[in-house]
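Take a look at the structure below.
The values are calculated or read from the model by the stated rules, or taken from the named source; none is laboratory data. Just so you know, these numbers come straight off a predicted model, no measurement behind them. Because the Cβ atoms are built from the backbone with ideal geometry, glycine has one as well, and the counts that use them run over all protein chains shown. Side chains are part of the model used for accessible areas, which takes the heavy atoms of the whole protein and leaves out ligands, DNA and RNA. Shrake-Rupley method; radii C 1.70, N 1.55, O 1.52, S 1.80 Å.
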Amino acid sequence: MIRYITEADVEATLDVATAIELLDSAARALAAGTAAIATRQRVSSGGVTMNLMGAALGGRVAHKTYPVARPRRARFWVTLF
């Protein structure tokens, strides 16, 4: 099942203090070698660029993918498995 979460959903669920704690925990896991981040990869053709990033933490994996085409701005998609 797909669950679409908006920015408003995130704001209603996660306060800034909790987000900072989670990011700190993730950074510590990365430093300890129990988390991983793939460097951003980009592919381009005809004035459109697709950006891809992946990560793994705590038995979960995710990716952030976003295309950029001028003059439009980027639209971000994050998938968590």
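Filter region 45-58 down to the residues that are surrounded by 14 or more Cβ atoms within 10 Å (Cβ to Cβ) and of a type in the set (S, T, N, Q) and list them by number.
Kept after step one, since they are surrounded by 14 or more Cβ atoms within 10 Å (Cβ to Cβ), are these residues of region 45-58: 49-57.
Hits for region 45-58 are Thr49, Asn51.
Only residues that are open to solvent by 90 Å² or more (accessible area, probe 1.4 Å) and outside any loop (DSSP other than H, G, I, E, B): list them for region 1-11, please.
Within region 1-11, Glu7, Glu11 qualify.
Assuming Ala62 fulfils every condition listed in (1) part of a strand (DSSP E or B); (2) open to solvent by 70 Å² or more (accessible area, probe 1.4 Å); (3) closer than 18 Å to Leu80 by Cβ apart from one, which condition is it?
Result: Ala62 passes all but (2).
Checking the condition free of Cβ contacts under 8 Å to residues at least 24 places away in the same chain, in contact with a Phe, Trp or Tyr (Cβ under 8 Å, 6 or more places away or on another chain) and open to solvent by 100 Å² or more (accessible area, probe 1.4 Å), which residue from Arg75, Arg42, Arg28 passes? Give the derivation first.
Values: Arg42 fails: in contact with a Phe, Trp or Tyr (Cβ under 8 Å, 6 or more places away or on another chain); Arg28 fails: in contact with a Phe, Trp or Tyr (Cβ under 8 Å, 6 or more places away or on another chain).
Result of the check over Arg75, Arg42, Arg28: Arg75.
Among (1) touching a residue at least 12 places away in the same chain (Cβ under 8 Å); (2) open to solvent by 70 Å² or more (accessible area, probe 1.4 Å); (3) out of contact with any Ser or Thr (no Cβ under 8 Å at 6 or more places or on another chain), which single condition is Asp15 missing?
Answer for Asp15: the failing condition is (1).
Quickly run through region 37-59 and pick out the residues that are part of a strand (DSSP E or B) and farther than 24 Å from Ile5 by Cα. Working first, answer last.
First, pick out the residues of region 37-59 that are part of a strand (DSSP E or B): 37-45, 48-57.
Thr39, Gln41, Arg42, Val43, Ser44, Ser45, Val48, Thr49 - these are the residues of region 37-59 that are part of a strand (DSSP E or B) and farther than 24 Å from Ile5 by Cα.
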